[in-house]
Amino acid sequence: MKIRSKLFMTAVAVLFAAAPVFAGQYSIEVVSKGFQHDFWKQVNRGCTEAGKEFGASVNFVGPASESNIAEQIDQLSNAVNKGPDAICFAALSPESSIDLLFQAGDAKIPVITFDSNVPMDTGGAVKAFVATDNRDAGAGAAQAMYDKLKDKLTNSPATVRIAVLSQDTTSQSVGDRTIGFIEKMVELCGPATTSVEGHVKYEKRVSNPKVILDVGIPAETIDAAMNTVVSTIFNKQDMIGAYASNEFAAKGMINVNETLNRLGPDKAVGIGFDSGIIQVRAVRDRVLYGAITQNPYMIGYLSVKTAVEAIKGQSVKDIAVPFYFYTADNMDEPDIAACLYE
């Protein structure tokens with residue numbers, strides 16, 4: 001099964017003609033949400049290649065942890081103070097970045113947001129947003145989960161539970177993937193009989209539910225905290241499925257499963273988000289049923305490409321980068337394999 005985003009705008013954007021310019025003609029600061037996960041390494045690779053192609057010196061930074069908002073804000077402040085030709089920015093906390101984005105706007109520095117947008121007023125600083133349609137991707141994961149578990153979700157005589165695992169409550173991209181999954185699953189299973197529990201941000205309980213969506217979010221983005229959240233839900237015997245909304249949460253799900261052995265054929269259905277070597281192996285080994293993969297290389301590439309266009313005064317617009325749902329049965333297809341970063 002293959003799920004493509006409804007907003008497939010330009011996977012072929014890399015084919016757009018562009019006259020080469022001298023390397024380093026433009027300076028672009030990229031402030032990412034991290035650098036430690038495979039996803040961000042691929043974003044960095046895309047940024048670097050676009051910089052070479054379009055004549056930009058690219059400086060890529062990110063905090064040591066995706067829970068370290070203060071560190072990222074310091075990095076954004078440093079980027080603005082350098083006075084580059086453009087900034088590419090993936091917000092851990094949109095609210096915390098507003099003042100600095102206004103400063104960038106006052107300095108006439110165009111900002112391209114990527115992965116996680118800043119949806120509030122930035123004084124015109126943000127020119128475009130490059131990312132997966134994360135809400136749509138979360139809904140795609142829900143549809144895949146429902147299709148795999150339809151009989152248990154609709155005909156079980158007892159209440160069944162699906163874990164919804166998310167790394168934090170601040171990132172727009174993670175939040176969109178979480179709410180996209182929840183909303184679609186509630187729609188498919190029935191609003192009157194589907195109870196959303198576990199976290200106040202998403203909670204919407206119903207009496208006598210047939211399906212419980214059990215949302216688990218750690219207090220901080222560290223492995224031990226994520227593993228504790230996963231273990232708590234995995235130890236509930238009515239769990240029949242688990243969804244992790246990014247690479248960090250998916251790794252936690254896979255690591256805990258090594259001990260509790262809840263996922264796999266004839267067990268609970270696990271669906272992740274992103275790829276990376278641990279998650280790809282888990283799908284190939286059928287520990288996970290499948291996962292949504294983005295195209296992080298293209299997100300980085302198109303962010304820098306769009307930044308150069310903005311520097312030149314060209315009209316730019318949001319770009320929705322396509323996503324796919326991959327399983328052990330389709331992950332070697334060329335268009336999907338190209339998005340799996342091991």
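The values are calculated or read from the model by the stated rules, or taken from the named source; none is laboratory data. Keep in mind the model is a prediction, meaning the values are calculated, not measured. FYI the Cβ positions are ideal-geometry reconstructions off the backbone, even for glycines, and counts take in every protein chain you see. For accessibility, only protein heavy atoms count, side chains too; no ligands or nucleic acids. Shrake-Rupley method; radii C 1.70, N 1.55, O 1.52, S 1.80 Å.
Shown for the range 86-191: the carbon plus sulfur share of the solvent-accessible area, taken with all protein chains present and a 1.4 angstrom probe, equals 47%. Quick note on the range 26-83: its Rg to Rh ratio, both from C-alpha atoms and Rh being the Kirkwood radius, is 0.99. For the chain, DSSP calls about 10 percent of its internal beta bridges antiparallel.
For GLU197 and ASP329, the difference between the fully extended length at 0.36 nm per residue and the C-alpha to C-alpha distance is 44.2 nm.
Axis of helix 172-189 versus longest Cα principal axis of the chain: the two differ by about 30°, to the nearest ten degrees. Taking a ≥ b ≥ c as the square roots of the eigenvalues of the alpha-carbon gyration tensor, the range 234-342 is classed prolate because a/c is 1.5 or more and a/b outweighs b/c.
By how many degrees, 0 to 90 and rounded to 10, does the Cα axis of helix 247-260 deviate from the longest principal axis of the chain? Long axis of 247-260 versus the principal axis of the chain: about 30 degrees. Partners of LYS41 within straight-line reach, counting aspartates and glutamates whose Cα lies under 12 Å from its Cα and excluding those fewer than 8 residues away in the same chain: GLU342. The structure-derived value of semi-axes √(5λ) of the Cα gyration tensor in Å appears in the list (i) 36, 21, 17; (ii) 29, 24, 20; (iii) 41, 24, 19 under the label (i). When DSSP beta bridges are restricted to pairs lying wholly in the range 252-338, around 50% turn out antiparallel. Calculated FRET efficiency, ARG45 and GLU220, Cβ-Cβ r, R0 41 Å, to nearest 0.05? The value I calculate is 0.90. 3J(HN,Hα) couplings calculated from phi for the range 139-156 with the Karplus curve 6.51 cos²θ - 1.76 cosθ + 1.60 (θ = phi - 60°) are, in sequence order, 5, x, 5, 5, 4, 5, 5, 5, 4, 6, 10, 3, 4, 5, 6, 10, 10, 5 Hz; Gly and Pro show x.
The largest-to-smallest principal axis extents of the Cα set in the range 183-273 are 34, 32, 21 Å. Working from label points 7 Å from Cα in the Cα-to-Cβ sense, the GLU258 to LYS108 distance is 5.5 nm. Straight Cα distances below 20 angstrom link LYS312 to the lysines LYS52, LYS82, LYS108, LYS127, with same-chain residues fewer than 8 positions distant left out.
Probe of 1.4 angstrom, ligands and nucleic acids ignored: what's the accessible area per residue over the range 57-204, in square angstrom?
For the range 57-204, the per-residue accessible area is 38 Å².
Principal-axis analysis of the Cα atoms of the chain puts helix 94-106 at an angle of about 10° to the longest axis. The sum of -39500 (n - 2.57) across all DSSP H runs of n ≥ 4, divided by the residue count of the chain, sets its helix-only mean residue ellipticity at 222 nm to -13000 deg cm²/dmol. Measuring against 24 Å, Cα to Cα, the residue pairs LYS204/LYS251; LYS150/LYS236; LYS33/LYS267 contain LYS204/LYS251; LYS33/LYS267 as the ones spanning a longer distance. Amide hydrogen proximity for PHE273: with H placed 1.01 Å from N in the peptide plane, the residues at 5 or more positions away or on another chain lying under 5 Å are ALA244, ASN246, ALA250, ILE292. The radius of gyration of the Cα set in the range 49-141, together with its Dmax, comes out at 13.7, 41 angstrom. Listed by chain and number, the aspartates and glutamates whose C-alpha is less than 20 Å from the C-alpha of LYS201, apart from same-chain residues fewer than 8 away, are GLU66, GLU95, ASP136, ASP168, ASP176, GLU183, GLU187, ASP214, GLU220. In this Cβ point-charge picture (+1 for Lys and Arg, -1 for Asp and Glu), the chain has a dipole of about 620 debye about its Cα centre. Calculated FRET efficiency, ASP99 and ASN155, Cβ-Cβ r, R0 45 Å, to nearest 0.05? Calculated value: 0.25. Within the listed set SER97, SER156, SER32, the residue fluctuating most in the Gaussian network model of the chain (springs between alpha-carbon atoms under 10 angstrom) is SER156.
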